[in-house]
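Single-structure report; data block below.
No value in this document is a laboratory result; all are computed from the given coordinates. Treat the numbers as computed from the prediction; the structure is a model and nothing was measured. No Cβ is skipped: glycine too gets one built from the backbone with ideal geometry, and neighbour counts run over all protein chains shown.
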Amino acid sequence: MLTIGKLAKHCQLNVETIRYYQRIGLMRVPETTEHYRYYNDKDIETLSFIQKAKDAGLQLSEIQELLQLQLNDREQVRQVIQQRLNKIDQRIQELNSLKVRLATWVDECKTTQAASCPILKELKKA
C-alpha cells in the first residue's frame with residue numbers, strides 16, 4: 001500500500017497529476033484510512049496504462065473510454081484507436097500543407113528582387 005507521494009515517486013509522476021486524473025475520473029479516489037489514502041497495485045497498473053496510452057498519442061478522453069472497456073471489447077477498442085488514427089492522418093495532411101506553404105514563402109524570399117519581404121507582404125494581406 002502506497003501513499004499518493006510514494007505512488008507518484010514510484011510512477012515518476014507529479015502528485016498533482018494523479019489528483020488531476022482522479023478529478024477527471026481516470027483514477028479512483030481511495031477511501032481515507034487513518035488520515036491517509038492508500039493506493040495499491042491496481043492503481044499502479046492504471047497509471048502505467050494511462051502513461052503508455054499517452055505515449056501512443058491518445059487523448060485523455062480516449063484513454064478514459066479505453067479504461068472503461070473490457071479485454072473482450074475488441075471492436076470498441078479498435079474503433080477508438082481507428083478514430084485516433086484518422087485524426088492523426090488528418091493532422092499529418094494539415095502539417096504537410098503548412099510545410100509546403102512555408103517552404104514556398106522561403107523560396108520566394110530567397111529569389112525575389114523586391115525590396116520588401118514577400119513573407120510579411122503575404123501575412124499582411126487582408
**Message:** Using the basic label-point model (7 angstrom from Cα toward the beta carbon), what is the R23 to K125 distance in nanometres?
**Reply:** 4.4
**Message:** Defining a contact as two alpha carbons under 8 Å apart and six or more residues distant in sequence, what relative contact order in percent does the chain show?
**Reply:** 16
**Asked** Measuring from label point to label point, each 7 Å out along Cα→Cβ, what is the Q82 to K52 span in nm?
**Response** 2.3
**Fill in**
Residue-normalised 222 nm signal for the chain, counting each DSSP H run of n ≥ 4 as -39,500 (n - 2.57), nearest 500 deg cm²/dmol, is -22000 deg cm²/dmol
**Message:** Could you work out how much longer the chain between V100 and Q70 gets when fully extended? Use 0.36 nm per residue separation minus the Cα distance between them, nm to one decimal.
**Reply:** 6.5 nm
**Complete:** Filtered pair list for the chain (Lys only, Cα < 23 Å, 8 or more apart or interchain) has a length of 18
**Prompt:** Each label point is 7 Å from the Cα along the Cα-to-Cβ direction; what then is the distance between the points at N40 and Q93, in nm?
**Reply:** 4.7
**Fill in**
Answer in debye to the nearest 20: the dipole magnitude of the chain about its Cα centre, from +1 Lys/Arg and -1 Asp/Glu charges placed on Cβ, is 460
**Prompt:** So how much slack lies between Q12 and E108, counting 0.36 nm per residue of separation and subtracting their Cα-Cα distance, in nm?
**Reply:** 29.8 nm
